[in-house]
Amino acid sequence: MSRLIDRLRAWLADAQAWLAAASPRERRMVLLGAAAASFFVVLIVYASFAAAIRHAEATLEEKRSDFEKISRLAAGYNAQEQERQLLEARLRQSQPALMTFLDATARSDGVEIGGMSDRGVVAGAQSGRPREMSVEANLGKVPLDKLVKLLTDIERSPGVVRVRRLRLRKSYENKDTLDVSINVSAWQGS
């Protein structure tokens, strides 16, 4: 180790002796060369730090973006999971007799049912799928506002009850009323 230090001291002494014997023009050139080398080293160090910072910022932005996507997906999943659980709970509820329910709802809304036929279980009931029961009803001379109220009351009923098909025709006797044919289905867990 002391040999290395002695060599460095000797080299430094030789450089000082050469610099002392050099002309002013040579001194300026050596000084400019040293300044250029120092500037180059500083530039390299700055460029490497700047590149590392840009890379870290890009990685951080990518991770933020991924986190936002995960947050949105998690919120969507939670909402869908709650909706699924609510639907399952509604499927487990005991369904009212569909014909009786439809008749009572129509009477409460002031709509007269011309005819009704029970289609029975039309789908499901095997391999754990919900059973779908269906009723078809014909309504004659229904004003539009009463029809909208009836459809809303059917859709907002307890359990899972939906209007599957709706066919409207203007009434021949009164152009302000409609002749309606609806198919209402109810689902119940098996």
- Average accessible surface area per residue within the chain, 1.4 Å rolling probe, Å²: 75
- Task: Evaluate E = 1/(1 + (r/R0)^6) for Ala51 and Arg129, where r is the Cβ-Cβ distance and R0 equals 35 Å; express this FRET efficiency to the nearest 0.05.
- Result: 0.05
- May I ask for the Kirkwood hydrodynamic radius of region 1-58, worked out over all distinct Cα pairs and given in angstroms to one decimal? 14.5
- Note on the structure: For the chain, longest principal axis from Cα atoms; helix 98-108 axis from its Cα atoms; angle between them, nearest 10 degrees, is 80
- Query: Quick one: how many lysine pairs in the chain have C-alpha atoms under 23 angstrom apart, if they're 8 or more apart or on different chains?
  - Reply: 7
- Note on the structure: Sorted on mean Cβ neighbours within 10 Å (highest first), peptides 76-86, 142-152 come out as 142-152, 76-86
- Item | Alpha-carbon centroid distance for the pair region 159-181 / region 1-67, whole angstrom | 88
- Evaluate the Kirkwood expression for the hydrodynamic radius of the chain, namely the inverse of the mean inverse distance over all pairs of different C-alpha atoms, and round to one decimal in Å. 24.8
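The values are calculated or read from the model by the stated rules, or taken from the named source; none is laboratory data. Everything numeric in this text was worked out from a predicted model, so none of it was measured. Please note: Cβ atoms are built from the backbone with ideal geometry, for glycine as well, and neighbour counts cover all protein chains shown. These area figures cover heavy atoms from the full protein model, side chains too; ligands, DNA and RNA do not enter into them. Shrake-Rupley method; radii C 1.70, N 1.55, O 1.52, S 1.80 Å.
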